[in-house]
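First up is the structure itself, then whatever we jot down about it.
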């Protein structure tokens, strides 16, 4: 190439490189990740304004409110933050038996504050089959009454669902064989999925690889922490899909469980995921180092999924994923000493966490700790179906 042509092509190359870099930045900025948050009653609880300020500093644009009282919802006025309101199981029988009560709640908590507050989804009840099995028969009627209230109030952009536990599935391995437990498949999940499909709503589910890792000694910790080692994978013998992390395995198990009931196109919203930064006796893997590795790996994986696929089985399967903001936002029952949040109760960061690019160690000591932890990943490295 002569000098004249070189001078012509150099600016063009620079433009293309700039466009490519800009495009990559825009992909990172669209990571579909939010946080779970509840206003706690203990002393020294940060104000909602302080919490919102922390959310903005971390560029978090979606929040799942675990206790959506009126004052807390009001605090999110004009923030542009999308809200998923999670209603306690106690609302299920009330809304199922009284459509007017469901209408009143939706009117007061959502409609009267629109468009100042951006509510996009309601979750009526959480893990009802395990925590409140006597209420299972009331979930669908309650959800239907809330849906009718939303439509009567003109809130067609707001969907309603309920949150399930991953424990509702028979198994995770292989994902292609996963099904909902027989006692609930036809009586609970089949009609619920019919409703979600008819109303363009999402299936909400908690997916915490730490819980599954703790119960299965054959799972190497690197596989649970998004550490892609050369031989750290699982192949589904039926589909031939190769899985590089436990999160995808669990997501695809949920997708195949729904497909077994005739629904393979309902989006899956992961309402809770994370890794504890500390735990009780007998939980050595509950550590700050591993928590950082999991959340950094999750963000990186979700960022890559934006330009690829959200799960190996189905494109755009997981439109949203929620991690824990503070230690007390985690679901009860995982051990009183477990700490799942990315922030301490005073809203200081446990480690530097950038949702547009993932987490990075806060200082040289943290870097050394992460490096040391990586060496431990070979402790449980190989496993097969």
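Can you tell me which condition residue 358 does not meet? The list is (1) at pLDDT below 85; (2) on the phi < 0 side of the Ramachandran plot; (3) crowded, with 18+ Cβ neighbours inside 10 Å; (4) within 18 Å of the chain's Cα centre (by Cα), and all the others hold.
Only one criterion is unmet by residue 358, namely (2).
Which residues, counting only those in the stretch 60-86, are out of contact with any helix residue (DSSP H, G or I) (no Cβ under 8 Å at 6 or more places or on another chain) and either more than 13 Å from residue 322 (Cβ to Cβ) or free of Cβ contacts under 8 Å to residues at least 24 places away in the same chain (or both)?
Matches in the stretch 60-86: 67, 69, 78, 80.
Here is a yes/no grid of residues against (1) in contact with a helix residue (DSSP H, G or I) (Cβ under 8 Å, 6 or more places away or on another chain); (2) touching a residue at least 60 places away in the same chain (Cβ under 8 Å); (3) part of a loop (DSSP other than H, G, I, E, B); (4) farther than 27 Å from residue 66 by Cα:
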{"site": "211", "(1), (2), (3), (4)": "yes, yes, no, no"}
{"site": "222", "(1), (2), (3), (4)": "yes, yes, no, yes"}
{"site": "227", "(1), (2), (3), (4)": "yes, yes, yes, yes"}
{"site": "239", "(1), (2), (3), (4)": "yes, yes, yes, yes"}
{"site": "249", "(1), (2), (3), (4)": "yes, yes, no, no"}
{"site": "256", "(1), (2), (3), (4)": "yes, yes, no, yes"}
{"site": "266", "(1), (2), (3), (4)": "yes, yes, yes, no"}
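Tell me the residue from 265, 252, 248 that is under 30 Å from residue 159 (Cα atoms) and exposed (fewer than 13 other Cβ atoms within 10 Å of the Cβ), please.
The unique qualifying residue is 265.
Filter the stretch 169-192 for residues that are farther than 20 Å from residue 216 by Cβ and out of contact with any helix residue (DSSP H, G or I) (no Cβ under 7 Å at 6 or more places or on another chain); which is surrounded by the most Cβ atoms within 10 Å (Cβ to Cβ)?
If we take residues in the stretch 169-192 being farther than 20 Å from residue 216 by Cβ and out of contact with any helix residue (DSSP H, G or I) (no Cβ under 7 Å at 6 or more places or on another chain), then 189 is surrounded by the most Cβ atoms within 10 Å (Cβ to Cβ).
Tally time: how many residues in the stretch 138-166 are part of a helix (DSSP H, G or I) and either touching a strand residue (DSSP E or B) at 6+ places or on another chain (Cβ under 9 Å) or touching a residue at least 40 places away in the same chain (Cβ under 8 Å) (or both)?
15
Give me the pairs: first residue in the stretch 330-349 and over 18 Å from residue 284 (Cα atoms), second residue modelled with pLDDT under 60, beta-carbon distance under 9 Å, and six or more apart or on different chains, which are they?
That search, which allows pairs on different chains as well, returns 342/359; 345/42; 349/362.
Within the stretch 106-125, take every residue that is out of contact with any helix residue (DSSP H, G or I) (no Cβ under 9 Å at 6 or more places or on another chain) and either surrounded by 23 or more Cβ atoms within 10 Å (Cβ to Cβ) or free of Cβ contacts under 8 Å to residues at least 24 places away in the same chain (or both) and give me the one that is nearest to residue 204 (Cα to Cα).
Taking the candidates together, the pick is 123.
With (1) modelled with pLDDT of 80 or more; (2) in contact with a helix residue (DSSP H, G or I) (Cβ under 8 Å, 6 or more places away or on another chain); (3) surrounded by 22 or more Cβ atoms within 10 Å (Cβ to Cβ); (4) not in a helix (DSSP H, G or I) as the list, and residue 345 as the residue in question, which single condition is left unmet?
Going through (1) modelled with pLDDT of 80 or more; (2) in contact with a helix residue (DSSP H, G or I) (Cβ under 8 Å, 6 or more places away or on another chain); (3) surrounded by 22 or more Cβ atoms within 10 Å (Cβ to Cβ); (4) not in a helix (DSSP H, G or I) one by one, residue 345 breaks only (3).
Specify the residue that is surrounded by the fewest Cβ atoms within 10 Å (Cβ to Cβ); the eligible residues are those in the stretch 85-105 that are under 23 Å from the mean Cα position of the chain (by Cα) and under 20 Å from residue 74 (Cα atoms).
My answer is 88.
Can you confirm whether the stretch 174-185 contains a residue that is under 20 Å from residue 143 (Cα atoms), part of a helix (DSSP H, G or I) and free of Cβ contacts under 8 Å to residues at least 60 places away in the same chain?
Checked the stretch 174-185: at least one residue is under 20 Å from residue 143 (Cα atoms), part of a helix (DSSP H, G or I) and free of Cβ contacts under 8 Å to residues at least 60 places away in the same chain.
With 232, 201 as the choices, which residue is outside any helix (DSSP H, G or I), closer than 30 Å to residue 151 by Cα and either touching a strand residue (DSSP E or B) at 6+ places or on another chain (Cβ under 7 Å) or at pLDDT below 95 (or both)?
201
A quick yes/no check of all residues on (1) modelled with pLDDT under 60; (2) within 30 Å of residue 131 (Cα to Cα); (3) outside any helix (DSSP H, G or I):
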position	(1), (2), (3)
281	no, yes, yes
286	no, yes, yes
300	no, no, no
318	no, yes, yes
322	no, yes, yes
374	yes, no, no
382	yes, no, yes
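Step by step: first the residues of the stretch 149-159, then only those that are surrounded by fewer than 15 Cβ atoms within 10 Å (Cβ to Cβ) and in contact with a helix residue (DSSP H, G or I) (Cβ under 8 Å, 6 or more places away or on another chain), then the one that is nearest to residue 205 (Cα to Cα). Which residue is that?
Only one residue fits best here, namely 156.
The values are calculated or read from the model by the stated rules, or taken from the named source; none is laboratory data. Since we're looking at a predicted model, the values are computed, not measured. Here the Cβ is made from the backbone with ideal geometry for all residues, glycine too, and neighbour counts use every protein chain on show.
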